[in-house]
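Engineer: Take this structure, written in structure tokens, and hold onto it; I'll ask about it next.
Each value in this text was obtained by applying a stated rule to the coordinates, not by laboratory testing. Predicted, not measured: the structure shown is a model, and the values here were computed from it. Cβ coordinates were reconstructed from backbone atoms using ideal geometry, including for glycine residues, and neighbour counts include every protein chain displayed.
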């Protein structure tokens, strides 16, 4: 079974300068991903970058992943 | 073949949701959420149950290079999955996109 820690590791390894916070029950996961490279990208492009980092695991091990993708600037604006 | 059917579907329907199950009986939490969001926007939309056709189920993932369902298309353009729909709904962008159709 996939753990939130594994998903966090895969995302952070696949996306340069990123930090992910992942929670989940082994089937459904939720992730907040902060990455500088998201800057200037649309929501679709950001999600596609995360999907690319996870690769084929999205088709097999990970049943469902809900995500929020933000840049460091966006986090500062929200707080 | 599946790609052509999908292309025609998104061109022929102003708002179309590819989902698991039907609008009345979604078969997955994310699809159910997508239907709820569109309903909250008062949108009249077509839906395609990907569970009913294996070729469409696989094909839709390649169509927009997006590995998950649901997927929303408005005027032939891919808008996103349920997370993006929710973000856009909360910011009011989704209502705008869907509303444009009524004013057009």
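Engineer: I'd like the antiparallel share, as a percent to the nearest 5, of DSSP beta bridges with both residues in chain B.
Structural biologist: Bridges in chain B that DSSP calls antiparallel: roughly 65 percent.
Engineer: By how many degrees, between 0 and 90 and to the nearest 10, does the Cα long axis of helix B:2-12 differ from the longest principal axis of chain B?
Structural biologist: 30
Engineer: Per DSSP H run of n ≥ 4, the term is -39500 (n - 2.57); total these for chain B, divide by its residue number, and report the mean residue ellipticity at 222 nm rounded to 500 deg cm²/dmol.
Structural biologist: Counting only the DSSP helices, I get -15500 deg cm²/dmol.
Engineer: Also, I was wondering about something else. In nm, to one decimal, how far is the residue A:16 label point from the residue A:3 one, both placed 7 Å along Cα→Cβ?
Structural biologist: A separation of 3.0 nm, rounded to one decimal place.
Engineer: In percent, what relative contact order does chain B have, based on Cα pairs under 8 Å that are 6 or more apart in sequence?
Structural biologist: 34
Engineer: Give me the distance in nm between label points sitting 7 Å out from Cα along the Cα-to-Cβ direction at residue A:32 and residue A:74, one decimal.
Structural biologist: A separation of 1.3 nm, rounded to one decimal place.
Engineer: Can you tell me the FRET efficiency between residue B:55 and residue A:39 if r is taken as the Cβ-Cβ distance and R0 is 35 Å, rounded to the nearest 0.05?
Structural biologist: 0.40
Engineer: Just to confirm the number: angle between the C-alpha axis of helix A:43-54 and the first principal axis of chain A, 0 to 90 degrees, nearest 10?
Structural biologist: 40
Engineer: Taking the Cβ-Cβ separation of residue A:23 and residue A:56 as r and a Förster radius of 25 Å, what is the calculated FRET efficiency to the nearest 0.05?
Structural biologist: Efficiency at R0 = 25 Å is approximately 0.65.
Engineer: Separation of the range A:1-15 and the range B:29-104 by C-alpha centroid, Å?
Structural biologist: If you average the Cα positions of each part, the centres end up 27 Å apart.
Engineer: Now, a different point. In square nanometres, what is one fourth of the surface area of the convex hull spanned by the alpha carbons of the range B:2-103?
Structural biologist: Averaging across all directions leaves 5.7 nm² for the Cα convex hull.
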